[in-house]
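Asker: Here you go, one structure.
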Amino acid sequence: LSFTGLLAVRTPGFRQKISNFNEEVAKKVVALSFADKSRFEMIKARLQREGKDISDDITFEEMKNFIERDQFQVATPQNDHLMAMLHSASGITDCLLCRNWAIVVADNDLEFVCSDNPVGLIWTKPPPDSFWSSPGFGVLGTEVTIPLSKKVGLIGTFEPLPCIVGVLDEKGVAGFNNTSVMRSRRFIYSSSQDFIWRKEDGKVAKLDEYFDIHGTVKEEEP
């Protein structure tokens with residue numbers, strides 16, 4: 001479950017959230033720091049005393065115009081990403097340990113798939129305002145899914161589960177796969193040339209229909 005906590009945050013989407021948050025905060029701080037001329041002169045003098053390469057020719061008007069045009073980016077250092085990832089993974093793991101877990105096996109020749117965002121998180125009992133909110137790892141009425149292999153997976157809920165080990169039929173495997181493929185950013189991994197998933201109307205569909213709706217497919221040699 002600790003590894004699952006890391007998988008949940010070690011994704012392109014989580015990294016982008018951290019970068020977006022840091023950039024938003026940094027730009028607001030910059031805008032406040034250069035809100036008036038006296039503050040600008042104070043900051044410029046301090047940076048020059050600290051040995052920063054700040055030209056005397058830079059004016060308050062030029063800096064204010066540069067900030068208002070919002071044509072700059074703020075990069076988050078790699079160490080900050082790692083610290084945020086480890087901190088979040090620890091909190092998620094605590095929530096995962098509080099859940100009830102069941103091992104699920106794909107029936108017959110059915111298979112689970114994986115993606116670059118493999119830890120699924122969905123509502124099972126969505127609240128009235130669920131349209132405006134996302135499920136959380138510590139929220140009741142949610143289900144976490146993890147594909148361990150092409151035939152075995154885990155399902156975790158806060159509510160009691162009907163069994164400790166269960167077999168999923170075609171509809172169950174398709175629904176399980178949804179939690180992985182619908183959260184993917186770039187990649188979906190399948191051991192075969194096809195996979196099943198479940199459409200919004202509940203019908204089971206295959207690879208061709210998925211990519212007709214959601215994007216393109218690139219097959220690579222193993």
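The values are calculated or read from the model by the stated rules, or taken from the named source; none is laboratory data. These figures come from a predicted structure and were not determined experimentally. With ideal geometry, Cβ positions are generated from the backbone for all residues, glycine too; neighbour counts draw on all protein chains shown. The accessibility values were calculated without ligands, DNA or RNA, using every heavy atom of the protein model including side chains. Shrake-Rupley method; radii C 1.70, N 1.55, O 1.52, S 1.80 Å.
Asker: Can you list the helices (runs of 4 or more DSSP H) lying wholly within segment 1-65 that have 3 or more residues being within 30 Å of Thr145 (Cα to Cα)?
Answerer: Passing ranges, in order: 2-9, 12-33.
Asker: Does Ser55 satisfy being free of Cβ contacts under 8 Å to residues at least 24 places away in the same chain and hydroxyl-bearing (Ser, Thr, Tyr)? I'd like the intermediate steps shown before the answer.
Answerer: Working: free of Cβ contacts under 8 Å to residues at least 24 places away in the same chain: yes; hydroxyl-bearing (Ser, Thr, Tyr): yes.
Judged against the criteria, Ser55 is a match.
Asker: Something else: How many residues are at pLDDT 90 or above and open to solvent by 60 Å² or more (accessible area, probe 1.4 Å) if we restrict to segment 184-193?
Answerer: Selection size over segment 184-193: 2.
Asker: Let me ask you something else. Going through Ser184, Ser192 one at a time, which residue ends up being closer than 21 Å to Ala8 by Cα and either touching a Cys at 6+ places or on another chain (Cβ under 9 Å) or in contact (Cβ under 8 Å) with a residue 12 or more places away in the chain (or both)?
Answerer: After applying the criteria, what remains is Ser184.
Asker: Among the listed residues Val9, Val25, which satisfies the condition of being at pLDDT 90 or above, β-branched (Val, Ile, Thr) and open to solvent by 40 Å² or more (accessible area, probe 1.4 Å)?
Answerer: Going through Val9, Val25 in turn, just one is at pLDDT 90 or above, β-branched (Val, Ile, Thr) and open to solvent by 40 Å² or more (accessible area, probe 1.4 Å): Val25.
Asker: Where in segment 67-154 are the strands (runs of 3 or more DSSP E), entirely inside, with at least 3 residues that are touching a strand residue (DSSP E or B) at 6+ places or on another chain (Cβ under 8 Å), in contact (Cβ under 8 Å) with a residue 12 or more places away in the chain and surrounded by 19 or more Cβ atoms within 10 Å (Cβ to Cβ)?
Answerer: Hits in segment 67-154: 142-147.
A quick yes/no check of all residues on (1) modelled with pLDDT of 85 or more; (2) polar (S, T, N, Q); (3) closer than 28 Å to Ile155 by Cβ; (4) in contact with a helix residue (DSSP H, G or I) (Cβ under 8 Å, 6 or more places away or on another chain):
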{"position": "Ser2", "(1), (2), (3), (4)": "yes, yes, yes, yes"}
{"position": "Leu32", "(1), (2), (3), (4)": "yes, no, no, no"}
{"position": "Ala35", "(1), (2), (3), (4)": "no, no, no, no"}
{"position": "Ile58", "(1), (2), (3), (4)": "no, no, no, yes"}
{"position": "Asp94", "(1), (2), (3), (4)": "yes, no, yes, no"}
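Asker: Listed residues Val181, Val173; which is touching a Leu at 6+ places or on another chain (Cβ under 8 Å), within 17 Å of Tyr210 (Cβ to Cβ), open to solvent by less than 20 Å² (accessible area, probe 1.4 Å) and aliphatic (A, V, I, L, M)?
Answerer: Details: Val181 fails: touching a Leu at 6+ places or on another chain (Cβ under 8 Å).
Going through Val181, Val173 in turn, just one is touching a Leu at 6+ places or on another chain (Cβ under 8 Å), within 17 Å of Tyr210 (Cβ to Cβ), open to solvent by less than 20 Å² (accessible area, probe 1.4 Å) and aliphatic (A, V, I, L, M): Val173.
Asker: What are the pairs, 6+ residues apart or on separate chains, where a residue within segment 197-214 that is over 19 Å from Ile122 (Cβ atoms) and open to solvent by 80 Å² or more (accessible area, probe 1.4 Å) has its Cβ under 6 Å from a residue that is part of a loop (DSSP other than H, G, I, E, B) and of a type outside the set (A, V, I, L, M)?
Answerer: Filtered contacts from segment 197-214: Lys206/Asp194.
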